[in-house]
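Here the structure is laid out as structure tokens; the discussion comes afterwards.
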Amino acid sequence: MVMRKQQNIKQLVITVIVLLALNFAGNFYFKRFDLTHDKRYTLSDTTLSLVESVEEPLYIDVFLEGDFPGEFKRLQDETKQLLEEFHAYNPNIIFQFVNPLEDESERDQVIQEFYNNGLTPISVTVDDKGKQTQEMVFPWAVASYGDKGAKIQLLKNQMGASTAEKVISSVQHLEYALADALNKVTKDKEKKIAILKGNGEMHDLLMADFLKQVRENYFIGAFTLDSVASNPNKTLAELKKYDLAVIAKPTERFSEEEKEVLDQYIVNGGKTLWMVDAVQIDMDSLYNETGSTLAFPRDLNLNDMFFKYGFRLNPDMIKDELATPIKLATGAEGSGTQYQQYIWRYSPFAYPDPTVYEGANHPVVKNLGGIKLEFANPIDTLENGIDKTILLTSSQYSKPIGTPIEVKLDMVTEQTSPKDYQGFGFIPTSVLLEGQFHSMYENRILPFKDPSYKVTGEEGKMIIISDGDIVKNQLDKNYQPLELGYDKWTKNRYDNKEFLINCVNYLLDDNGLINIRSKDVDLPLLDKERVHQNYTQSQFITVGLPILILLLFGLLFTFLRKRKYSK
């Protein structure tokens, strides 16, 4: 008996010594273990670098708190887990979860303040055993660091997706959203973006939301090519100071001198984002007494340049059965006009689907919802040694329509069948090109003499999108810009802004942030219908069964212990 007691004391002393040693070692070595099979809590190197760079207190207020469905509680838990990882690596990152509607007397005022600050709440239905109530949810967070702040959208908007599907997509997007916010508030702007002007490009008001979003991370400025006519070499030298050139819906021809400036900018490693229409037509031109307009090719004098770089923009329009809706007046009833939604087949709904084409797994488009296009044109890729990745395509049931052609609003009533699209489908509408671009003036006479002219130079990147209106935001009744991707007529939201910001981030190699989007998270959710149908059984499995197992284990342990020490 004494010997057994001494042995127990010895084991206790050894255990205490080991625990003290581990605790002491923990002061010098830091290691966390992620036991999830998809490694969802293992932070990427880019995120870790941003987390470790926080030298002063950084506060994150998360408004995902309150009474809401289980799906949102899952998003809340995942957000909390990830922020706890941030705090574990750097105690300067401090977070709290806040219920904005805790004080019911200020409910309306709080909701209005959130709207005014661009933190749009959403209304969800809470279903408790058949009893349904409406609750407001604020799937947002705000990061503050010194005098800088950033909004964090925790719930991604996906048209047609269920709440559970949105939550899964949002959890996959969570690390990127938080890391991007840290990058905005902790890093100073470095890279510069030129918004090209001078060839009838889109007015700033119509792309204001895009410019506002880009301005948070980069320096941007309007850059006109008008000075090319008088001093092309100086214009080229000034353009080379920018890291990216954005060309948004030009409507006027480019001169040969302007093309040489752009060509040498690209050959010298300058990045470009092209949003170009090869056909001249706008939705506004359809809203007239006849409800029709003529669509015809738009000559921007860029075909030879694009051909040299490895793609061709065809002057056709894509007609797609997987398209976004428009609202049209169908008649008057009483004193009000009646409106009805129709599918507008010239407005493709581009959805990156990895099962359809490999490029949908690219970080620029991975985990994105659908993107709205208007009168998009087919893009052909050509073999020339440049790496090409198709980022967006039309659906299986789509085909090109040649121009010139009369376009009418009454085509919404047109009857179609799958046979109409046989031999077509999956038409590229956006392509990423990477590599060493060769000058389009190789073995040709230069429009102007450039002492620094190069036939080929540094590695470069460009993205071509065959729709100039992809960057266009709508205006409210006071002519103020709405959020890019929001359609005020149908109340639908599309991922146009997310796609374009991803394009910018990828082209500028911004701290490797874009690569975080490639992370896959497996997030199984309960089937609410099956749970409701088998409510008692579900309760027993989730609550009663664990208690029963513990009870049996306790009884077995007690029995074995009595049996052992009764001898």
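The values are calculated or read from the model by the stated rules, or taken from the named source; none is laboratory data. In this text, all values refer to a predicted model and were calculated from it rather than measured experimentally. Please note: Cβ atoms are built from the backbone with ideal geometry, for glycine as well, and neighbour counts cover all protein chains shown. The accessibility values were calculated without ligands, DNA or RNA, using every heavy atom of the protein model including side chains. Shrake-Rupley method; radii C 1.70, N 1.55, O 1.52, S 1.80 Å.
Compute the Cα gyration tensor for segment 181-318, then decide on rounded, prolate or oblate, letting a ≥ b ≥ c be the square roots of its eigenvalues: rounded whenever a/c is under 1.5, prolate when a/b is larger than b/c in the other cases, and oblate in all that remain.
Oblate shape, in that a/c is at least 1.5 and b/c is the bigger or equal ratio.
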Residue-level accessible surface for LEU482, protein heavy atoms, 1.4 Å, Å²
40
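Which sequence of LEU433, LEU475 reflects their accessible areas, 1.4 Å probe, from the largest down?
Most to least solvent-accessible, the answer reads LEU475, LEU433.
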How long is the gain from LYS419 to ARG312 if the chain were fully straight, where each residue apart is worth 0.36 nm and the alpha carbon distance is subtracted?
35.8 nm
Determine the alpha carbon to alpha carbon distance for each of LYS234/LYS454; LYS189/LYS497; LYS191/LYS259; LYS191/LYS472; LYS327/LYS491; LYS166/LYS477 and list only those over 22 Å.
LYS191/LYS259; LYS191/LYS472; LYS166/LYS477
Sparse-neighbourhood loop hits (GluC sites (Glu not before Pro), segment 348-408; DSSP loop; Cβ within 10 Å at most 11 others) -> GLU383
By the C-alpha gyration tensor axes a ≥ b ≥ c (rounded if a/c is under 1.5, else prolate when a/b exceeds b/c, else oblate), the shape of segment 148-210 is oblate
Consider a paramagnetic label point 7 Å from the Cα of PHE296 along Cα→Cβ; state which residues of segment 401-422 have an amide N under 11 Å from it.
404-405
HIS362 accessible area, nearest 10 Å², 1.4 Å probe?
30
Kyte-Doolittle mean at least 1.0 and Cα extent at least 18 Å along the axis: which DSSP H helices of the chain qualify?
545-565
Table column - 3J(HN,Hα) (Hz), segment 55-62, Karplus curve with 6.51, -1.76, 1.60, x for Gly and Pro:
9, 10, x, 10, 9, 10, 9, 9
Would you pull out the residues with amide H under 5 Å of VAL98's amide H, same chain only if 5 or more places away, H placed 1.01 Å from N?
VAL62, PHE63, LEU64
For THR429, enumerate residues with amide H under 5 Å from its amide H, sequence gap 5+ or separate chain, H modeled in the peptide plane.
LEU392, THR393, SER394
Give the shape of segment 284-386 as rounded, prolate or oblate, defined through the alpha-carbon gyration tensor: a ≥ b ≥ c are the square roots of its eigenvalues, a/c under 1.5 means rounded, and otherwise the shape is prolate if a/b is larger than b/c and oblate if not.
oblate
What distance in nm separates the two pseudo spin-label positions at THR330 and ASP147, each 7 Å out from Cα along the beta-carbon direction?
5.6
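Taking every DSSP beta bridge that has both residues in the chain, what percent is antiparallel when rounded to the nearest 5?
If we restrict to bridges inside the chain, about 70 percent are antiparallel.
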Is it possible to state the helix-based mean residue ellipticity at 222 nm for the chain, with each DSSP H run of 4+ residues giving -39500 (n - 2.57), the sum divided by total residues, to the nearest 500 deg cm²/dmol? What is it?
-9000 deg cm²/dmol
So for THR235, THR293, what's the accessible-area order with a 1.4 Å probe, most first?
THR293, THR235
Can you give me the Kirkwood hydrodynamic radius for segment 342-384, using every pair of distinct Cα atoms, in Å to one decimal?
12.1
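Count neighbours as other Cβ atoms within 10 Å of each site's Cβ, and list the chymotrypsin sites (Phe, Trp or Tyr not before Pro) in segment 253-330 that are DSSP loop with at most 12 such neighbours.
Listed in order of number, the matching sites are TYR287.
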Give the ranking of ASP180, ASP353 by solvent-accessible surface, highest area first, calculated with a 1.4 Å probe.
ASP353, ASP180
List the residues whose amide H sits under 5 Å from the amide H of LYS197, counting only those 5 or more places along or on another chain, with H placed 1.01 Å from N in the peptide plane.
PHE223, THR224, LEU225
Please figure out what share of the DSSP beta bridges in segment 190-344 is antiparallel and state it in percent, rounded to the nearest 5.
40
